[in-house]
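Take a look at the structure set out below.
No value in this document is a laboratory result; all are computed from the given coordinates. Please read these numbers as outputs of a predicted model, since none were measured by experiment. A quick note on method: Cβ atoms are made from the backbone with ideal geometry, for glycine too, and the neighbour counts reach across all protein chains shown.
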Amino acid sequence: MTIYKNLIAGEWVGTDATKNINPSDTNEVVGLYADGSAEDTKNAIAAAKAAFPAWSRSGIWERHVILKKAGDEIMARKDELGALLAREEGKTLPEAIGETIRASQIFEFFAGEALRLAGEVIPSVRPNIGVEITRDPLGVIGIITPWNFPIAIPAWKIAPALCYGNTIVFKPAELVPGCSWAIVDILHRAGLPKGVLNLVMGRGSVVGQAMLDSPDVTGITFTGSTGTGRRVASASIEHNRKFQLEMGGKNPMVVLDDADLGVAVEAAANSGFFSTGQRCTASSRLIVTEGIHDKFVAALTEKLQTLVVDNALKSGTHIGPVVDEKQLKTDTDYIEIGKKEGAKLAFGGELVTRETPGFYLQPTLFTEATNQMRISREEIFGPVVSVIRVKDYEEALATANDTPFGLSAGIATTSLKHATHFKRNSEAGMVMVNLPTAGVDFHVPFGGRKGSSYGPREQGKYAAEFYTSVKTAYTLA
Ligand code: NDP
């Protein structure tokens, strides 16, 4: 089997490899991917540092052309790359193709942003002096990504980093190296100079840690768990380095008595269970007022009965497998915790077997949960959702905000008053009205508050806040 190698200083290198296993069919090896060392990471950082002066001064047309080419190739290969994504991560083929299209759109967006780089010229408060405010690229950016969005998250970090003139050392999650290798290969062939984009696949404790320990990495953008995020933060403070963290969520969706029942059920089923609940923006707490509670639970349970759990590549599958055995154990452990805590298992909770061996779990719904239970406070990151009954809107809002996280929050209501109040008072970075808490646009800011995020927002033109450093220059006329 071919080994997909790491890209360091423009050369494909690496002999040691790890198997990439399909969670829908554990007999299938998706590919062999290089297992990088701390030495490889050091070489990649040195290559990115050496490439920075030239790339930071490269023309905006060169950056535009490369990013546009990459976006076009990803779009042209969306079915093939979508199938690879579905095989390595386990989300359904339509979801995987959708994510691939989004990656292409992100490259298109930043190809456009490259042509819109601008500064400000403003008068000084002192006579005969001009002031210019410009943005410089940061330097060498370390990119560390999780397994749950194998193509979109790398795209939304790599595209702005290149657009604003930075060089990169990129470490994808070990579980899903395939899509990352593919986009690095695409960008390399699109004409990126040697050393501008370096790929080091391998273990977080080795490759990721070597990035954290290097004084030559000027900025780190990280998406993943809260625990690893904290390590990134403390190591970065040590090196006086800029960092950006996107971490977990325990996203609430409030359902009020006046909600359109169909809209509320669709939004809850989508954001709670699609992508196997493995989205940081998934709704894992459904906070439902008394008047609609029983009707809502009955309708949601009916909907869950129609959802098909099966191989991600099979047509008709709504929910693919859990990503791996470790995550499956986390999910089932939390199901046991929920039962012990006194929540009522209203649907699912069981492993299921299918034609191909994989990590299949039924969508699982707890009712009669309280907001103090561990299943309501800790991120599970699987298809496990709890329903919390509340008296009225005020209690619903207080419960929604009573969480260590603050990524996304939703409300299902036909009341303009409550929708408006919720948008203003929700302690989340993204708020959805009559929409799933997951599912966001690619051209507007993405990120959260509290324990979910740290640092500037990602995506859209707000991405410049992280990938550049502002410079103020004064000139005597
Ligand atoms: P992890 O934190 O385990 O891993 C994230 C990345 O960090 C991986 O590439 C991992 O490598 C790497 N890593 C692990 N240890 C270290 C280390 N010591 N130093 C540097 N890097 C390291 O998260 P998961 O991949 O398990 O992703 C799931 C989590 O990500 C969930 O909690 C989820 O909520 C969160 N997430 C948040 C999002 C957001 O935008 N807020 C979006 C998506 C996910 P390796 O692959 O080898 O483990």
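Each part reduced to its alpha carbon centroid, region 191-228 and region 367-409 end up 34 Å apart.
Note on region 32-103 and region 268-291: Cα centroid distance 30 Å, given to the nearest whole angstrom. The antiparallel fraction among DSSP beta bridges confined to the chain stands at about 45%.
Each 10 Å bin, from zero up to the one with the longest distance, holds this percent of the alpha carbon pairs of region 251-433: 10, 41, 35, 12, 2.
Rank these for me by crowding, Leu93, Leu286, going from fewest to most other beta carbons within 10 Å.
So the residues, fewest neighbours to most, are Leu93, Leu286.
Taking trypsin sites (Lys or Arg not before Pro) across region 34-102, the ones in a DSSP loop with at most 12 further Cβ atoms lying within 10 angstrom of their Cβ are Arg57.
Shown here is the pair-distance distribution of region 317-381: with all Cα-Cα distances grouped in 5 Å bins from zero up to the longest one, the shares run 4, 17, 29, 24, 15, 9, 3, 1 percent. Using DSSP, restrict attention to beta bridges with both residues in region 104-248 and report what percent are antiparallel, rounded to the nearest 5. Looking only at bridges with both residues in region 104-248, the antiparallel portion is about 20 percent. Helix 290-306 versus the longest principal axis of the chain: what is the Cα-based angle in degrees, 0 to 90, to the nearest 10? Taking Cα atoms only, the helix is inclined about 70 degrees.
When the scattering of region 395-446 is computed by the Debye formula from its Cα atoms alone, each counted once and equally, what is log10 I(q)/I(0) at q = 0.19, 0.28 Å⁻¹? Here log10 of I(q) over I(0) equals -0.63, -1.20.
If both residues of a DSSP beta bridge must be in region 251-433, then about 15% of such bridges are antiparallel. Go through Lys194/Lys471; Lys5/Lys242; Lys344/Lys423; Lys91/Lys171; Lys19/Lys450; Lys5/Lys461 and tell me which ones have a Cα-Cα distance over 26 Å in this structure. Pairs exceeding the cut-off: Lys194/Lys471; Lys5/Lys242; Lys344/Lys423; Lys19/Lys450; Lys5/Lys461. Normalised radius of gyration (Cα atoms, divided by 2.2 N^0.38 Å) for the chain: 1.00. Using only the alpha-carbon atoms, how far is helix 261-273 inclined from the longest principal axis of the chain? Give it as 0 to 90 degrees, nearest 10. The answer is roughly 60 degrees.
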